[in-house]
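Here the structure comes first, spelled out in structure tokens, and everything after it is commentary.
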Amino acid sequence: MLWLYLHFPQLQLDGLLAQSAPLPPTIIVSDKQHVVVQLNDAARQLGVKIGMGLGAAAAMSTSLSVYEFKVDHEQQRVEELAQWLYLDTADIHISAPCGLLLKVSNMLSLYPNLTHYLETIQARLLPQNVQYHYGLGHSPLAAQLLAQAGYDKIDEDKASLFAAVGKLPIDALTLNTRQKQQLLRVGIKSVQALLDIPLVELGRRFDTELVQYVGRLQGKLHHPVEFYQPTETFQRDLILLFELENLTYLTKPLYTLLLQLEAFLKLRDKLTLEIVLTLVQRDAESLCLKVGSAQGEYRAKKWQELCQLMLERTQLSAPLQAITLRVDEFCESHNQNEDLFSEPIGTMTHAGLLSLLRAKLGEQAVYGVTVLPDARPEYATSRCEPSVQALHSSFTENKASLLRPNFLLAQIQPLHDKVTLLQGPERISTGWWDGHNIERDYFIAQDEQLRRLWVFRDRQQRWFVHGIFS
Amino acid sequence: MRYAELFCQSNFSFLEGASSPEELVKQAHFLGYSALAVTDECSLAGVVRAHTLIKNTELDLKLIVGSVLCFESLKVVLLCPNKAAYSELCRVISNARRRANKGAYQLEKWDLLSLKHCFILWLPQGEHEDAQWGAWLKRYHPNRSWIGMQRELSNLERQHIKHCEMLSERCDIPICALGAVLMHCANRIRLQHVLTAIKANQSVEECKGQLLVNCERSMRTKDKIAKLFKSSWLQETNTIANLCHFNLDELRYQYPSELVPQGKTAMQYLRELVAQGTQRRFVDGVPSDIAKTIKKELELIEELDYPYFFLTIYDIVMYAKSQGILYQGRGSAANSVVCYCLEITAVDPRQVAVLFERFISRERNEPPDIDVDFEHQRREEVIQYIYQKYGRKRAALAATVITYRFKSAVRDVGKALGISESQLTYFIKNVNRRDRSLNWQAQIIELGLEPSSLKGAQFIELITDIMGFPRHLSQHVGGFVISAGPLHDLVPVENASMPERTVIQWDKDDLESLALLKVDVLALGMLSAIRKTFEMVYQHTGRSLSIAYLTQRQDDPKVYEMIQKADTVGVFQIESRAQMSMLPRLKPRCYYDLVVQIAIVRPGPIQGDMVHPFLKRRNGEEAVSYPSEAVKAVLERTLGVPIFQEQVIKLAMVAAGFTGGEADQLRRAMASWKKTGELMQFKDKLLKGMTERGYEHQFAERIFEQICGFGEYGFPESHSASFAVLAYASSWLKLYYPAMFYASLLNSLPMGFYSASQLLQDAKRHDVFILPVCVNHSSYEHTVHQVEGQWAIRLGLKIIKGLRQSIANLIVEKRPNNGYSSVQSVSKLGVDKGALERLASANALRDFSQDRYAARWQLMNQEVTLPLFTDLPSKQTADIQSPSDFETLLEDHTAMGISLNKHPITLLDERGELGVFTRMNELCKKAHKSMVTVVGVVTGKQSPGTAAGVTFFTLEDDTGNINVVVWAGTARAQKKAYLGAKLLEVKGIVEKEGNVIHVIAGRLIDKSPLLQGFDTQSRHFH
């Protein structure tokens, strides 16, 4: 069986290169040991090497750009690449964190020859702007080792491929350091030397893991691999029979799509928090509308209502030709029926209300309020993402409640009226860390209308009103 | 109006107080306070500093000793009105501290109940329990309790004041006014916030809720205080302050009395011991001048009342002697004839008659100083003896205050400001604190910190502020305080991080300020090596040696011949690169020359530019002259050039008119000047004093420069004198018994400057055979044998990294007469597989395995180690090649850190990979100032503080060590090779001075790739 392995040595750097070229000397550093794991040529020319510590690398030049290595990022990118390659080849195994293993044998019946197959793969990768090495092999491991060693040759001859693997040093093996050390310490320095030893002899001296590894490398033992399955998303396109200029006529066609979604979700017992509606306009950019439901929903009817609210606020710039409904993420349907007696009053839940308000007013118009432990009154509260739980907790949590007015002026105002000071001063003098330091003496005062005001005096002895007590 | 601050925490309330005790004292005095109580949380660590400042600058400010303590919801400030209260407080703090882990404390109700003398200022917390606590205080501590009222101008203060007044009325406890000071001035608020954040292990932004909201916890003016507090409360405060009379100067140290036999006074007993000692030390009778000195010294000891101190040390060293532990005393008092007679030192007074200020100085008013060094591997025995003899109640170690240094400051302040950890690591790694041309601030900016940004400016400002701040107490390396009664009557004791160790809350300066004596029990590796050499010499030749024996034989010219050639690898003190380069220039000819040699290669003399004048005068190239007779008396023994710390201090007295007390302050400022910068205040006085007395301004400036240099590494003659004895003794042993000397050095590692590998290379060059480690011949330790009439060192099993001593001993004990014959015969002893692997790696199974690969291949076969199969012959089953020379070298280094096989340079040269180069042994044939190329393994890299901008590289080739000097400019231009090279080629110029050859580097070429995995450890000294 023939395998092709693609090794991507610098996916994260490739991502940076794609964004801007030329890149200044750049290194990517592992997050724990602070060791250089990827670098561009400019950095290489300064003398930085892979495996160098951050300190040593930094000493070479002060102009290095340093990024932290993100393994998740690489994994995601590999999956993306797999998705692309899936268009050309069937059996793909994602070899974490930065490699893809392709089963070639069955594909050769679909392609004229190996060269053609490989060219197709390479053509597919070209627009992706990624650096890679490839290797062929008669076992997954053999292909992987050659790819990682940068073999990059088209060759399907079993003997010559194994010979190439044999020439690799022990260090090239994907064994752990301890196992490699063990081999080196008995004088086994090349892969060939390892392959020359009968498995039985190895079995007496090494753990089964290593024996199995060697067997798999030689293709003598089966090497199970799991093949990539494209992730499931919901996407339905609908080309409209007539071009629409008025969105109210969209209700019906949209509803059919939503019903399909409902069926899709019901079948899987899932909910979704957000649907993406793309409106394709003639000779104009498509409009992308995101409609959310804070508590998750599957019913076409409910989605229809939410979409309707969104559509009411949407303006078409050109006649509508088609729509796409897409859902990428699903969530578990949890039992919403609380017990009989604690059923919320009214028919609308908090989450429902929130969805409704957001759909009606727009995402940004609805926010929550949270209390911060900052002593400066202006910074003691802040806007936050509205959440159903937070509504209850954030106000009650506030510890020894300070004496503060319920109504804080949005802008402080100079104090013009005559007032009587009732209580104070409370001195607040802090905030140096963000540059907005204040120095104020706060008092509770009463004006002539007997209103209780929250006033302060600043360092220049100027007086201001900041709030009004109820 | 009078005001006394009764509640004030210094930065010894770690990560809370934001001002030093000194700053607080100065500010309190400036604001006209009548008294200041320093009341750190469960600690008295800061009070002595406050006390010392008040005393030295004669401030009109009363210091009150106290501490703030928390127990459940009760928070109180305890103050000491009198000595009894002070002892009580020490006891309470000690108990609370001893119950908890290092850094924490745990008070119990009983502690508070047992108070009989302390004043209690109660700080109600506004809790429900307050009423109960009030009643409790009234019941158990009537007339000694107050409610402490604070005014912080906080939001809820009104309620708090009402609450306190209500408590006062209900419980009938008077209210007093407290400032609750954490900062000496308001602008320390940033630092206080940062400290709070560090304590919470969060950034300032993250812990906003815990920060002080204003600066009211700083010292406030009396006007402001008068406005904030009711006059009746202030009245109470002043009453309390007036009732406090305790002064730290009342503390008197009581020596342990059991050292003196009954019926004798301490002085009588000391005289007796000295008399006995003179008979031992001066077998041919005491020379009359020495007898006179002894008489004088004893009179002085009696006058200053120090006999117990000498007896205490005598007792300790006698214990060491009885156990065969080698020791040596040093310090001003140690070089007395009395100490020689008491066998505290081996410095023969006949040899060191030149020594000038050898004893406690009456006019300088400093306490006697005796440090005793013991063998480093056996010092613990001495410490245990002290604990056992005096008990933990009466003996404890002095503390060392660990303060914020540059690195810790960057890390903690950076974290508090929310700067990312990798950025901070980057700053720390790349700031060179040795770079005198560029201060750290400029360097950090060069590394990319934006100084004009808010964060950037705050970062630099706060690091500057926090540096020198105490962070925690640690144990002093060996300074013991021993007392007659329980120590906790004198000073609080707390747990150290080492189990079973206790430290007092004061450091050595504090002890000195209060004239409390400590005994320094230190560890010195060279003493172990010397003792082991003595033993080996006795074992193999029957000759019995001792340090005193060597010094009594007077100077041996052959030894000095060797020293002058700088052939001093392994010798005490004069083995460092800087020392070695000075030896051929200074050419020591006698003991006192060594004393000078050891002290001269130090930052003090070098910064003061004293070295060159001294060398010139010594070589007769410059006339010796003295600015005055008084100066001549001080400087005559060093040819008119001040070299020792004592001389500089004495100069301040005779030439600049310092009083004894001032000179003592100068000495202390020198010791801590990096931390406090206190030294600068003496500059004017010194320069002025000297100019007034007719000395040249330039001379005065140089003296001051030197004082600054001493500040970093003060080196007194009294210590140099003792070190010189050890330097001489080790040189003598190296010359006459090299094999035993090197074997003992190896057995005493880690110590000294050189690694095992470097020592062995040097031993080989001195014609000592080295035999490899072997299960059939080696002991655990390295041993000495005669092979064909020549001395050889047989490496011991201890050189094998990771091999447990118990297993090594097992192998040695159970060894059959004809040795082990197979892997199985060793494994049968019950030696585990890991150990067998280590033996194989070190090639210690060489007697029955072809090489280490074969040995390991055998070992790995599980059948071999199963009992049933032990008799089966092991057959070679796989065809594995033998290791190459290069691989052997690598393996040797990994397993043992040394190799007896070919040197890497030989191997690489054989492979033709090095091109044309000059070896160490051929360098001498090169002309002075000629061009040369050398190659070697980098075994040492040192940029000493004594030579700005220079790095010394030691390159080792197969014939010896090459000294390479790299100037800062060269290093900067070739950073890559300078920083990273393990194998270095240097093209440069030969510099010859006498027998010393240096290569001044021009080009550095990194040849490390040739070494691949070669594991040579370069030692870095920063």
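Accessible surface for B:Asp609 stands near 80 Å², nearest 10, in the context of the full protein assembly shown (1.4 Å probe).
For the range B:603-712, take the alpha-carbon Rg, divide it by the Kirkwood Rh, and send me Rg/Rh. In the range B:603-712, Rg relative to Rh is 0.95. Normalising the Debye intensity of the range A:234-332 to I(0), with uniform scatterers on Cα atoms only, and taking log10 at q = 0.13, 0.17, 0.18, 0.22 Å⁻¹ returns -0.41, -0.70, -0.78, -1.13. The angle separating the long axis of helix B:660-671 from the principal Cα axis of greatest extent in chain B is about 60 degrees. Within 10 Å of the Cβ of each residue in B:190-197, the mean number of Cβ atoms contributed by other protein chains is 1. Summing charges over neighbours of B:Ile161, with a neighbour being any other residue whose Cβ is under 10 Å away from its Cβ, gives +2 when K and R count +1 and D and E count -1. Under Stokes-Einstein, with the Kirkwood radius over Cα pairs as Rh, the value for the range B:466-610 at 10 °C and 1.306 mPa s is 81 µm²/s.
At 24 Å minimum axial length over the Cα atoms and a Kyte-Doolittle cut of -0.5, report the qualifying DSSP H helices in chain A, or say none. Once both thresholds are applied, what remains is A:251-268. Of the peptides B:778-788, A:215-225, the order by per-residue mean of other Cβ atoms within 10 Å, starting with the highest, comes out as B:778-788, A:215-225. Kirkwood analysis of the Cα pair distances in the range A:407-468 returns a hydrodynamic radius of 12.0 Å. Counting charges near B:Leu527 (Lys, Arg +1; Asp, Glu -1) among other residues having Cβ under 11 Å from its Cβ returns a value of +2. Within 9 Å, Cβ to Cβ, of B:Ile325, how many net charges do the neighbouring residues add up to if Lys/Arg are +1 and Asp/Glu are -1? Local net charge: +2. Taking the Cα atoms of the range B:774-833, the ratio Rg/Rh between the radius of gyration and the Kirkwood radius comes to 1.00.
Look at where the Cα atoms of the range B:785-808 and of the range A:117-178 average out, and the two centres are 49 Å apart.
A straight line joining the Cα centroids of the range B:722-752 and the range B:508-560 runs 11 Å. The largest accessible area among A:Tyr213, B:Tyr549 belongs to the first residue in B:Tyr549, A:Tyr213, and the rest follow in falling order (1.4 Å probe, all chains).
Between the helical axis of B:697-712 and the longest alpha-carbon principal axis of chain B there is an angle of about 80 degrees. The average projected area of chain A, computed from the convex hull of its Cα atoms over all directions, is 37.7 nm². For the pair B:Glu991 and B:Ala131, the difference between a 0.36 nm per residue extended length and the Cα-Cα distance amounts to 301.2 nm.
Taking all protein chains as they are arranged and a probe of 1.4 Å, the heavy atoms of B:Ile370 leave approximately 0 Å² accessible to solvent. Of the residues A:Phe162, A:Leu184, A:Ala123, the one whose Cα sits farthest towards the positive end of the charge dipole of the range A:50-204 is A:Leu184 (charges of +1 on Lys and Arg Cβ, -1 on Asp and Glu Cβ, taken about the Cα centre). Across peptide A:439-448, the mean count of Cβ atoms from other chains lying within 10 Å of each residue's own Cβ comes to 1. A simple charge model with +1 on the Cβ of Lys and Arg, -1 on the Cβ of Asp and Glu and nothing else charged puts the dipole of the protein assembly as shown at about 2520 debye relative to its Cα centre.
Among B:61-69, B:954-962, how do they line up from the highest to the lowest mean number of other beta-carbon atoms within 10 Å?
So the peptides B:61-69, B:954-962, ranked by packing, come out B:61-69, B:954-962.
Along the Cα→Cβ direction, 7 angstrom out, place labels at B:Glu381 and A:Ala263. What is the inter-label distance in nm? Each label point is offset 7 Å from its Cα along the Cβ direction, giving 9.3 nm. Loop only per DSSP, at most 11 neighbouring Cβ atoms within 10 Å: give me the trypsin sites (Lys or Arg not before Pro) in the range A:18-54, ordered by residue number. Qualifying residues, ordered by number: A:Lys32. Once Rg and the Kirkwood radius are both taken over the C-alpha atoms of chain B, their ratio Rg/Rh works out to 1.00.
Measuring spread by the Cα atoms of the range B:421-470 yields a radius of gyration and Dmax of 11.0, 29 Å.
Rounded to the nearest 20 debye, the dipole magnitude of the range B:752-849 is 260 debye, with +1 charges on Lys and Arg beta carbons, -1 on Asp and Glu beta carbons, and the Cα centre as origin.
Between the alpha-carbon centres of the range B:261-302 and the range B:126-184 there is a gap of 62 Å.
Per residue, chain B reaches -13000 deg cm²/dmol at 222 nm when only DSSP H runs of four or more residues are counted, each adding -39500 (n - 2.57). Taking the C-alpha atoms only, the angle from helix B:885-896 to the longest principal axis of chain B is near 40 degrees. Ordering A:Pro140, A:Gln423, A:His350 by the projection of their Cα atoms onto the charge dipole of chain A, which places +1 on the Cβ of Lys and Arg and -1 on the Cβ of Asp and Glu, puts A:Gln423 at the extreme positive end. For the range B:249-307, the square roots a ≥ b ≥ c of the C-alpha gyration tensor eigenvalues yield an a/c of 1.5 or more together with a/b not exceeding b/c, which makes the shape oblate.
The per residue volume of the convex hull around the alpha-carbon atoms of the protein assembly as shown is 275 Å³.
Between B:Cys70, A:Pro22, B:Thr939, whose Cα lies farthest towards the positive end of the dipole of the protein assembly as shown when Lys and Arg beta carbons carry +1 and Asp and Glu beta carbons carry -1, centred on the Cα centre? With unit charges placed on the Cβ atoms, the residue in question is B:Thr939. With a 10 Å cut-off around each Cβ of A:51-63, the average count of Cβ atoms from other chains is 4.
Sorted on the mean count of surrounding Cβ atoms within 10 Å across their residues, most packed first, peptides B:71-79, A:193-201 read B:71-79, A:193-201. Relative to its residue count, the range B:62-175 spans a Cα convex hull of 122 Å³ per residue.
At full extension, B:Glu922 and B:Gln262 could sit 230.5 nm farther apart than now, given 0.36 nm per residue minus the alpha carbon distance.
The values are calculated or read from the model by the stated rules, or taken from the named source; none is laboratory data. Note that the coordinates shown come from a computational prediction; the quantities given were computed from them, not determined experimentally. Note: ideal-geometry Cβ built from the backbone for every residue, glycine included; neighbour counts use all protein chains shown. Calculation scope for accessible area: heavy atoms of the full protein, side chains included, ligands and nucleic acids excluded. Shrake-Rupley method; radii C 1.70, N 1.55, O 1.52, S 1.80 Å.
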